[in-house]
Structures are given as C-alpha cells and as structure tokens.
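Down below is the structure, laid out as structure tokens.
Rule-based calculations on the coordinates, nothing more; no lab input. All of these numbers come straight from a predicted model, not from anything done at the bench. Backbone-built Cβ (ideal geometry, glycine too); neighbour counts: all protein chains shown.
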Amino acid sequence: MNSEQGRVPGLAGNWPADTATVVDETRRWLERAVIGLNLCPFAKAVHVKDQLRYVVSTATEPGQLQADLERELRLLAESDPAQVEMTLLMHPQVLQDFIDYNDFLDVADATVEQLDLGGILQIASFHPQYQFAGTEPDDIDNFTNRSPYPTLHLLRESSIDQAVAAFPEASEIYERNIETLRRLGRPGWAKLFKG
C-alpha cells in the first residue's frame, strides 16, 4: 500500500512542510468527519470550548516521537482540564507506514505506564492507513480511525468516564459508526472534504 492510499480525500497529496497545514487539515477532518458524522459524540464540546491542544511533532525517528509524546503526556497531566482537555499529537514525518505505527502503540502505552499515568491518561490511535484486524485495506469500516496524518490522541481517563456516564449507549458507538460509514460509502466520504 503506498502512502497516498487511504488518505482523507480532498487533502494535499504530499506530507506538508509547515505545521499550520497539518493542523488545518486535521481540524477540517475533525469538524467534517469526527464531529460532522458524530463519530465521537464527546468531541464537539471539547472542540467548541477550545480545549483541544493540537501539537505537530517534527520527529523523523520513533525515539524523537517518544520524547515528544512523553512531554505532551506530562503537560496534559499537569494542565487544568478546563483549559486543555485532550491533545492531538500529529507526526507527519514518522510512522507513515501503518504497521510501523501500530507497533509504536506498544511503546506509547509503555510510556504512559513509565510516567505513572496509567489510569489517568490513555492514547487513542488514528492513521491515514488505519486498518482493523480482519478487514481489507479499502474497507469503509477502517475510516472511523483514518486521519489526515498519523496521530496519537491523548485523553484523560476521567473525561472518558464522565462522557460514558453522560452517554449510556457509549458501548454502541463503534457499531453505530460502522453503520454510518457503510451508509455513507466512499463517495459520501469523499464529498465531506470537497470545497
């Protein structure tokens, strides 16, 4: 699979050199897909309240990314949730291959534990080539976790608990998202990013 396949349609074909483009394209994906399709019912409030921190790593090697991840985990843990509820750590120059990215998730989870932040923070994963086990690369189901750039989503466990309490059917979100994307199809997904 080449680096273009699975990219969010409508976005630049090459990895941009400037961080503003990475943030803008990620924000566009968040607004049109994640919030627009209600793939995550918890995302809208955090976005509207401007409590989401966007960070673009300039890492070109996994070790550099791990250092950036450690810094951002510490910052999130020490921040007032009213100011910074969660962080999107985008890393367009490293782990562009999904297999490499997927392997790095073990390193990311170990970093959370090494910082004694297990049970406090967790990491969700998004990637332009995201592929769930048992799916084909082009299956629309994979698009629930496809972002414009490789991204580590740093979340507070307490926020997840509050969100789940507010949305009793939270365990059904994944299945509902799959149904939404299957109804939308690839043409509908592509239309989200036109204009």
query = Roughly how big is the stretch 22-192's charge dipole about its Cα centre, with Cβ charges of +1 (Lys, Arg) and -1 (Asp, Glu), in debye to the nearest 20?
reply = 860
task = Please report, largest first and rounded to whole Å, the three semi-axes of the ellipsoid equivalent to the stretch 22-192, where each semi-axis is the square root of five times an eigenvalue of the C-alpha gyration tensor.
result = 24, 20, 15
ask   = In deg cm²/dmol and to the nearest 500, what is the mean residue ellipticity at 222 nm of the chain if only DSSP H runs of at least 4 residues count, each as -39500 (n - 2.57), divided by the residue total?
value = -13500 deg cm²/dmol
